[in-house]
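Comments concern the structure below.
Readers should treat all values here as calculations from the given coordinates under stated rules, not as data from a laboratory. Source: prediction; values computed, not measured. Here Cβ is always computed from backbone atoms with ideal geometry, including for glycine, and neighbour counts include all displayed protein chains.
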Amino acid sequence: MHLDSPNDSWAIRFAQFVQRFGTLKLSILFVVLSLVFTLGGSYVIRVSMGSQVQPDDFISAVILTMLSAPWVLYFFSELIKQLENSRTNLKEVVSQLESLREEDVFLNRELQSNIRQLNHEIEQRKQAQEEREALFKDLEKEIQDKSEQEAQARRLSTLLRSIIDASPDLIYYRNEEGRFAGCNRIAELMTGKTEQELLGLTPKDVYEEDLARQIVASDHEVLETNASITEELWLRFADGRRRYFEMKRVPFFDKEGNRLGLLSFGRDMTERKQAENAAAKASTDKTRFIATISHELRTPLNGIVGLSRMLRDTELSDEQFNWVSTIYASAITLGNIFNDIIDLDKLDRDKLELSLKTISLKDFTEELSSIIRLLAADKQLELKTTINEPLPRLVEIDGTRLRQILWNILFNAVKFTQKGHVSLSVSSTKPDGDKAYVTFIIEDTGVGIPESEIDKIFAMYYQVDHPDHQSATGTGIGLAICKQMVDLMKGEIHVSSKVGKGTRFEIVLPVQISNSPMKVAQLEVTGLNILLVEDIELNVMVAKALLEKLGQKVDVAMTGQEAIDKVRANQYDLILLDIQLPDMTGFDVASTIIEEDLVMQTPIVALTANVIKKARRIS
């Protein structure tokens, strides 16, 4: 509290007055005032009491005042002095207290600031502690995860090693220097050395010289190109076994992309190799068997076709003519079945190819219809053939394959039709440049195909299982071959049918229009001197009889050498060769004849064993 407050102002002012006026002066003034007061007071009292004022009354009052006033004045002066000193001291103390208070305020502010700073630091330390604890927890978790990962890696490594060792494949790896750095159990069995014994060895230390040289060359190629390679090798095991392995070598790298060496994986393909060899041999044997049986069966079949064809042109009764016609048509049917079997074998070996030739669609259709008409007549069926003009006169197409397609479908139509008719119609789109689309439509009034079976009829060996189809049987390969041949020709085949009403096949084929005239013309001249080269007597008899009937003179050679000898000794207008002879092919015979410059002006025609219908001369 401040000393100059309103409650203490008079005392402070009085003390200050005493200090300024001086004690001596104040004392004199006080004595004087006291004397005046005493004298005045005595006088007033005497007067008020009605007494007479006497000089003695003033003297006693003066003496008492003079005796008491100095002591009172001294007492009050000292008291005032002490009070002033106390006030001064108190003021100094208050000033010091004020200074101390201000210092205390400053210190308090500084303390509060320090406290706030300390609290901030404590908070930061607490946060840092929490972060450290979180970091410690993360480190602990990371250490735990790493430990688990290491344990998992060890388990996986053990598992991988177990799998590698249990694998039937040959596995090993070598470093950049070509030395073994690890392998599996099969490699140990193959080399007769443990993995530890193999470490640091080269292929030359392990394999035979030739095999080691081949492996080193393959390794060098992998390291040069940084690309994997695959090769097949015969490897000899330590126990003497030889096994056929498919080896794959690949380079391997670390995380930084540095190449560490190469890995080799080998799969034992011995059984597969043996199976492939067996399959190849079986395929070869099957092809040889089919070719042999086809050749052997076609020989008598050609006799049946040729002789029945010739017999039809002789004087026969109607009944005999029908019998011979049936024999002729049946023989051609059997020949087409042979064609299906041969083509099936070629399809299995992906050997079926198209041979484009120039044909007349009109003549082709009429020729095919004439044979199918014989089959239809045996069942009292009518064959309707329709050629829709305009039709390209000549087109480039594989006539043999086209005949086979149409024959199979027409033959099925006749086979599954009990009454009514079978129809064949041919039409063409308007030519677009030198291309056009020819459509063959075959319809019948037969038993039909159930709707659920239509999508399956082109499957190999599939036959419709329906009571109405039990009257006719087949091989189940005809339509399957037709579909594949149509696909090979880049065409389309569609079928629709209703049970009890009939079936409709539509074949659409793209064809190349030919503007050049056909180079094959009907042989109209007679008296030609012809050499027939054929090793089968039945074929010789049929061909010789046919040619002689056409007015030609025929000389026969049964072997290739005999043919060459006869060509050297005689001049022939035409040479007919079978494509296969016992001692050499017909083409070899032709090449020999031409190379020896024996008959440069003589046309040479190579005949297949079943194409002896009409002799044609190459213009």
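Volume per residue of the convex hull around the Cα atoms, evaluated for the stretch 82-186, comes out as 161 Å³. Computed from backbone phi with θ = phi - 60° and the Karplus coefficients 6.51, -1.76 and 1.60, the 3J(HN,Hα) list for the stretch 175-188 is 7, 4, 7, x, 9, 4, 10, x, 6, 10, 5, 4, 5, 5 Hz; x is used for glycine and proline.
Between Arg179 and Ala134, the FRET efficiency from the beta-carbon distance, with R0 = 51 Å, is close to 0.55.
In plain terms, the chain from Leu391 to Asp555 could stretch by 54.8 nm, reckoned as 0.36 nm per residue minus the Cα-Cα distance. Applying 1/(1 + (r/R0)^6) with r as the Cβ-Cβ distance of Ala166 and Ile115 and R0 = 45 angstrom yields a FRET efficiency of 0.05.
Taking the highest mean first, how do the peptides 394-400, 205-211, 434-440, 376-382 order by number of other beta carbon atoms within 10 angstrom per residue?
Values: 394-400: 19.9, 205-211: 13.6, 434-440: 17.0, 376-382: 15.1.
So the order, starting with the most tightly packed, is 394-400, 434-440, 376-382, 205-211.
Protection proxy ranking, highest mean first, for peptides 144-153, 306-315, 418-427: 418-427, 306-315, 144-153, where packing is the per-residue count of other beta-carbon atoms within 10 Å, averaged. As a calculated quantity, the FRET efficiency between Ala459 and Lys498 at R0 = 25 Å, using C-beta atoms, amounts to about 0.75. Extension gain for Phe75 to Asn89 (0.36 nm times residue separation, less C-alpha to C-alpha distance): 3.0 nm. Among the listed pairs Lys384/Lys501; Lys430/Lys498; Lys483/Lys544; Lys357/Lys490, which have their C-alpha atoms separated by more than 27 angstrom in this model? Over 27 Å apart, Cα to Cα: Lys430/Lys498; Lys483/Lys544.
Within the same chain, lysines fewer than 8 places from Lys549 are excluded, and of the rest, those with a Cα less than 26 Å from its Cα are Lys519, Lys566, Lys613, Lys614. Multiplying the residue separation of Asn226 and Ser452 by 0.36 nm and subtracting their alpha-carbon distance yields 75.7 nm. Placing dummy labels 7 Å off each Cα toward the beta-carbon, the span from Lys281 to Ser99 is 12.8 nm. Highest mean packing comes first when the peptides 29-35, 450-456, 112-118, 404-410 are listed by Cβ atoms within 10 Å, giving 404-410, 29-35, 450-456, 112-118. Modelling each spin label as a point 7 Å along the Cα-to-Cβ direction, I'd like the Glu197/Asp378 distance in nm, to one decimal. The modelled label-to-label distance comes out at 7.6 nm.
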